[in-house]
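See below for the structure under consideration.
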Amino acid sequence: MWNRKELKGKGKLAFKANYWRCVLSAFLLSILVSAGTIASRTNSSGTPANDPDGAAALNQLQAFAQQNPKTFGAIAGIVAAVGLTIIIIGIVLKIFLFNPLEVGCYRFFKENIRTDGQAGLDNLKEGFGNYGHTFATLFLRDLFLMLWCFLFIIPAVVKSYSYRMVPFIIKDHPELSATETITESRRMMDGHKWNTFVLDLSFIGWALLGIITFGLVGIFWTEPYRQNTNAALYLKLSGQEAEA
């Protein structure tokens with residue numbers, strides 16, 4: 001069993017030894033992850049039934065639609081087309097650009113832990129090597145997570161921990177198929193999901209401080225620290241710690 005304090009110690013040392021590269025890589029990774037969730041957040045938004053202002057606006061919209069059906073139909077069509085176009089562009093960018101970059105970012109942090117803070121930014125481009133394998137694996141991972149989201153939040157969160165090591169495994173074991181890579185991540189995280197959740201919670205103080213400082217602490221400390229710690233966890237679970 002791994003020790004949370006030990007992993008965070010390794011993550012902090014590797015981060016401080018390669019500070020600016022870690023900050024840049026973590027900032028890029030946070031943008032990629034955030035961009036991948038924009039569509040789902042947009043789809044989940046709505047007008048609360050008990051919101052008086054929202055109800056009034058809805059009534060006005062219905063009245064306008066009844067009085068000007070053709071105009072309303074044209075406007076609704078344009079809005080729907082623009083929204084659909086934005087969603088499609090976002091999905092395409094995530095699948096073909098963001099996902100390979102995500103793999104490169106995880107590769108950087110893994111190498112940064114393994115080399116005691118000596119990783120170079122050239123690791124970021126490694127996600128584009130063996131592109132088809134990366135594409136298929138992360139597409140399948142994202143599809144599975146989306147399907148789990150339909151079964152409410154908790155199952156989706158649990159599965160996100162099961163698939164956590166997928167971006168690391170892709171580069172370390174290119175011989176595995178997409179489904180085998182996901183299965184290996186599930187095996188690796190078996191019995192470790194709760195402790196990993198607690199590990200994430202241990203950064204909550206830094207996250208709150210990041211909110212107070214308008215995200216500055218998150219960019220320049222919390223995220224690179226957390227990502228290095230996550231890479232240290234992967235090395236521990238994969239049995240590569242002795243090589244680090």
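The values are calculated or read from the model by the stated rules, or taken from the named source; none is laboratory data. In this text the structure is predicted, and so the values were computed from the model without any measurement. Glycine also receives a Cβ, built like all others from the backbone with ideal geometry; neighbour counts cover every protein chain displayed.
What's the number of the condition A35 fails, among (1) exposed (fewer than 13 other Cβ atoms within 10 Å of the Cβ); (2) closer than 30 Å to R164 by Cβ; (3) modelled with pLDDT under 70; (4) of a type in the set (G, A, S)?
A35 satisfies all of (1) exposed (fewer than 13 other Cβ atoms within 10 Å of the Cβ); (2) closer than 30 Å to R164 by Cβ; (3) modelled with pLDDT under 70; (4) of a type in the set (G, A, S) except (1).
Does the stretch 190-244 hold any residues that are of a type in the set (V, I, T), within 16 Å of G11 (Cβ to Cβ) and touching a residue at least 60 places away in the same chain (Cβ under 8 Å), and which are they?
Result: V198, T229.
Condition check ((1) hydrophobic (A, V, I, L, M, F, W, C); (2) at pLDDT below 75; (3) under 20 Å from the mean Cα position of the chain (by Cα); (4) closer than 22 Å to E241 by Cα) across all residues:
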residue: G9; (1), (2), (3), (4): no, no, no, yes
residue: N18; (1), (2), (3), (4): no, no, no, yes
residue: V23; (1), (2), (3), (4): yes, no, yes, no
residue: Q62; (1), (2), (3), (4): no, yes, no, no
residue: I75; (1), (2), (3), (4): yes, no, no, no
residue: I86; (1), (2), (3), (4): yes, no, yes, no
residue: V92; (1), (2), (3), (4): yes, no, yes, no
residue: C105; (1), (2), (3), (4): yes, no, yes, yes
residue: D116; (1), (2), (3), (4): no, no, no, yes
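Pairs needed: first member in the stretch 129-153, hydroxyl-bearing (S, T, Y); second member anywhere, surrounded by 17 or more Cβ atoms within 10 Å (Cβ to Cβ); C-beta distance under 6 Å; at least 6 residues apart or different chains.
Matching pairs, first to second residue: T134/P100; T134/V103; T134/G127; T134/I170; T137/I170; T137/A178; T137/T181.
Yes/no per residue for (1) of a type outside the set (F, W, Y); (2) surrounded by 20 or more Cβ atoms within 10 Å (Cβ to Cβ); (3) not in a helix (DSSP H, G or I):
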site	(1), (2), (3)
I91	yes, no, no
V103	yes, yes, no
G127	yes, yes, no
I154	yes, no, no
P174	yes, no, yes
